[in-house]
1. Considering only segment 117-133, state which residues are within 19 Å of residue 27 (Cβ to Cβ) and crowded, with 22+ Cβ neighbours inside 10 Å.
2. Quick check on this structure: which one of 87, 72 is more than 8 Å from the ligand (Cβ to nearest atom) and over 9 Å from the mean Cα position of the chain (by Cα)?
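None of the figures in this text is laboratory data; all of them are computed from the coordinates on show. Keep in mind the model is a prediction, meaning the values are calculated, not measured. As a convention, Cβ positions derive from the backbone with ideal geometry for all residues, glycine included, and neighbour counts pool all protein chains shown.
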Amino acid sequence: MPLPPLLIRPMTADDLDSVLLLEEASFSDPWSRGLYEHELNDNRLSRYQVVVPAGTPSGLPDVIAQGGWMLFGEEAHILTIAVRPDFRGQGIGRWLLLHLLAEARGEGCDSVVLEVRPSNEAALRLYEKLGFVMISRRKRYYPDKEDALVLMLEELDDAHLWGPLAGELEELARQMTGGEIVNGE
Ligand SMILES: CC(C)(COP(=O)(O)OP(=O)(O)OC[C@H]1O[C@@H](n2cnc3c(N)ncnc32)[C@H](O)[C@@H]1OP(=O)(O)O)[C@@H](O)C(=O)NCCC(=O)NCCS
């Protein structure tokens, strides 16, 4: 589907109907509304962002992608990331993940950890192309007993690593927003 101008902004309770549809379309074990409500209302260490069409009237959200991470001291843990199936393969996942990394870096994180199913080729490629490497395997981690691979990106505070990623984030933001709005600001 051709991309309208998009923006990234923090998730709110008004987004949850759309977010839950995206969860259902993306995961075999989707998060519940209650879990998201808890995360948005009570977890002061987690941050959630959504990708929406620029200019969506408030109260009428149409979430194209969502992602979240949690602060553990100087380590960020990516909790979730998903792009609507009809918008995949156009760079939105990479843009959103880079945005989450920038946010984590801005809050003082120098490493990022996440779990991924070994069968999830698209996500694995996305992470590996950004420089994530496997550090361990959690046996029978998921509800259906599939293992989880634990991936890590280190030295986010190193300018040699972050410089090119920051440049790419800027370029993707320019493309995705139509050049007018950078990362919801
Ligand atoms: C994983 C996901 C977020 C990627 O989002 P996306 O917007 O389609 O990804 P992008 O278009 O930004 O692609 C970025 C990179 O990811 C990899 N990738 C994306 N889709 C892929 C596919 N179908 N097969 C293989 N690699 C793929 C590629 O390396 C791609 O870079 P390239 O095009 O330069 O080769 C998306 O597939 C998704 O929502 N999946 C369901 C939810 C999920 O599994 N989340 C991750 C849980 S750990």
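1. Selection gives 127 alone.
2. Just one listed residue meets the conditions, 72.
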